[in-house]
Amino acid sequence: MNHFVSKNGELFCEQVAVADIAREVGTPFYLYSKATLTRHFQAFDSAFAGIEHLTCFAVKACSNIGILNLFAGLGGGADIVSGGELYRALKAGVDPKRIIYSGVGKTEQELRYALESAILLFNVESGQELERLQQVAASIGVHAPVSFRVNPDVDPKTHAYISTGLAKNKFGIPIDAALDLYVRAMAMENIAVKGVSCHIGSQLTLISPFIESLRKVKGLVERLAAKGIAIEFIDLGGGVGITYDEEQPPHPQEYAAAIMEELQGVHATLILEPGRVIVGNAAILVTEVQYTKSNRGVDQVKKFVVVDAAMNDLARPSLYGAYHSIVPVHDKQAEREVVDIVGPICETGDFLAKDRELPQVEQGDLLAVMSAGAYGFSMSSNYNSRPRVAEVLVDGGSYALIRQRETLASLVQGETIPGGAE
Ligand code: LLP
């Protein structure tokens, strides 16, 4: 459930008319609903109320500090994958003792920054990373709390680009090789072995792959116990999908119940790293129609709606062929037609929707690209030298600009002409 609703043919976010915000901040912009963000976080987190757990929001899904701060206030932690995300999480007020650090390529500098920040856990993904972490921890004179991210070789049945738990993917340590690494880590002076983690992919619509990997993780925990290695944390990653179109992902309640049942008798704190399921349907991208045009071929007429948002603002359709519902902000009950909704970027791959049935629109009309909260703004870029768009957070009847639209000057910030004038 979300708080983007149509009232008398006009789209509202909570109690604010989307068009009113567009008038003030201009287009395009990302528009988040605080009530939806809160509801989704709480629905997910409370589904696990029956067991010791920690919900670490996956910062990569939506990294605005205004939103991270909201989750921190609800008791959330953060799952980070870079020094930049650590900086954001700390700026947003996330307790370092609720921050976990995933990713295959942590640099020495990043490891140092995270150790100095005294985060909860490093999800280590290779033997070499373990060695490096030991060295950095020794140089500062601290102990690094470690979970190993294992690769359970389970098919998440999702898009190939976002499948991470198969043996052919770059992530994690093969689960059968993990035991040796744990034994090695136990002998390291500055490493404190704490847990096991895994994350098999994103936008999963089935529960069974989660359970299959959890069973494999439990098997490892038992083998570790037999060697006298006790595990405090089991991290199941993120990945629960959402409805963009007609997908029917499990409800968090159902997902949590299945996991909790599987964890009966296991004495460890469960860590979860949800991203999409919390923010995905809590934001829209608002864009304005610039032009409509038809290109006539021999046997077809192709209609285009050219809007002011593009693949640099929302990469998902171009990158993954992802579907986002698109609706007019004002429903004028116009006749429907099939169009491609495209941006101004100079590539044919720049589209928000293809062959989509949409009520006829005209120049100046506003469109809402739905379900844009996850991997929307956070994946945006300056391609074609387009300033990144504004982000706005609605709270009931009011709203706040949580990120200003970038300016033209910000596009060249940090660039210099060698030998040129200042
Ligand atoms: N934990 C780890 C280690 C991850 O790599 C990810 C996502 C998550 C948690 C959160 O997964 P979620 O709950 O959001 O599914 N850009 C793609 C999705 C990439 C996902 C990357 N990892 C998209 O737009 O679909």
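Observations, loosely collected:
- Cross-link reach is defined here as a Cα-Cα straight distance under 13 Å, omitting same-chain residues fewer than 8 places apart; for Lys106 the aspartates and glutamates meeting it are Glu85, Glu125, Glu129, Glu131.
- Charge sum, other residues only, whose C-beta stays under 10 Å from Val394's C-beta, Lys/Arg counted +1 and Asp/Glu -1: -1
- Using the average count of surrounding beta-carbon atoms within 10 Å as a protection proxy, the listed peptides 243-250, 407-414, 67-74 rank, highest first, as 67-74, 243-250, 407-414.
- Reachable aspartates and glutamates, given that their alpha-carbon falls under 20 Å from the alpha-carbon of Lys332 and they are not under 8 places away in the same chain: Glu10, Asp20, Glu288, Asp340, Glu357, Glu362, Asp365
- Pair-distance profile P(r), taking every C-alpha pair of the range 188-232, with 5 angstrom steps and integer %: 5, 18, 23, 20, 15, 10, 6, 3, 0
- The C-alpha atoms of the range 357-399 occupy a region whose extents along the principal axes are 35, 30, 19 Å, arranged from largest to smallest.
- Share of alpha-carbon pairs per 10 Å distance bin for the range 61-109, given as whole %: 28, 56, 15, 1
- Under 12 Å from the Cα of Lys227 - aspartates and glutamates, other chains or at least 8 residues apart: Asp180
- Structural descriptor for the range 174-287: relative contact order 29 percent, calculated from alpha carbon pairs under 8 angstrom and at least 6 residues apart.
- Each DSSP beta bridge with both residues in the range 34-280 is either parallel or antiparallel, and the antiparallel ones are about 5%.
- Its relative contact order, with pairs defined as Cα atoms under 8 Å and 6+ residues apart, puts the range 34-280 at 21 percent.
- Pairs of alpha carbons in the range 232-319 separated by more than 15 Å make up 75% of all such pairs.
- Percent of Cα pairs in the range 267-309 per distance bin of 10 Å, from zero to the largest separation: 20, 22, 21, 17, 11, 7, 3.
- Normalised alpha carbon radius of gyration of the range 130-183 [divisor 2.2 N^0.38 Å]: 1.44
- Kirkwood Rh in Å, taken over all unlike Cα pairs in the range 34-280: 17.9 Å
- With viscosity 0.692 mPa s and temperature 37 °C, the Kirkwood radius over alpha carbon pairs of the range 107-250 converts through Stokes-Einstein to a diffusion coefficient of 207 µm²/s.
- Across q = 0.10, 0.12, 0.14 Å⁻¹, the range 25-160 modelled as identical point scatterers on its alpha-carbon atoms has Debye log10 I(q)/I(0) values of -0.39, -0.55, -0.73, in the order of the q list.
- Kirkwood-Stokes translational diffusion coefficient of the chain, alpha-carbon pairs, 25 °C, 0.890 mPa s, µm²/s: 107 µm²/s
- Here is how the number arises for the chain: DSSP H runs of 4 or more residues each give -39500 (n - 2.57), the sum is divided by the residue count, and the result at 222 nm is -8000 deg cm²/dmol.
- Taking every alpha-carbon pair under 8 Å whose residues sit at least 6 apart, the chain reaches a relative contact order of 19 percent.
- Based on the Stokes-Einstein relation at 37 °C and a viscosity of 0.692 mPa s, and on the Kirkwood radius from alpha carbon pairs, the range 79-137 is assigned a translational diffusion coefficient of 292 µm²/s.
- Label reach from Tyr161 (point 7 Å along Cα→C-beta): in the range 332-351, amide nitrogens under 19 Å belong to 341-351.
- Over all other residues within a Cβ to Cβ distance under 11 Å of Leu411, the charged ones net out to 0, with Lys and Arg as +1 and Asp and Glu as -1.
- Set Lys168/Lys218; Lys157/Lys303; Lys60/Lys218; Lys34/Lys303; Lys157/Lys354; Lys97/Lys170 screened for pairs whose C-alpha atoms are more than 30 Å apart: Lys157/Lys303; Lys34/Lys303
Where a number appears in this text, it was derived from the coordinates with a stated rule and is not lab data. Not measured: the values here are computed from a predicted model. No Cβ is skipped: glycine too gets one built from the backbone with ideal geometry, and neighbour counts run over all protein chains shown.
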